[in-house]
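Here the structure comes first, spelled out in structure tokens, and everything after it is commentary.
Only the coordinates and a few stated rules stand behind these numbers; no lab work does. All values reported here derive from a predicted model rather than from experimental measurement. All Cβ positions, glycine included, derive from the backbone under ideal geometry; neighbour counts span all protein chains shown.
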Amino acid sequence: MPTCSDCALYTKKAETEGECSINGLVPADRDAGRCLSRTFRPRG
């Protein structure tokens, strides 16, 4: 399953976390299905 780090809205800040342009700080390994705002968009 894809994770937050696979999302186009995710910017890496550290090895284990990053910033989502909608949800703020998020863990890199959070499953996309658990996206807080249900806005996961695959990169590419």
Length gained, E15-R34, 0.36 nm per residue minus C-alpha separation, equals 4.9 nm
Rounded to whole angstroms and listed largest first, the alpha-carbon spread of the chain along its three principal axes comes to 21, 19, 18
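Charges only on Cβ, +1 for Lys and Arg, -1 for Asp and Glu: so what's the dipole of the chain about the Cα centre, in debye to the nearest 20?
Values: 7 positive and 6 negative charges, 39 e Å.
That gives a dipole near 180 debye.
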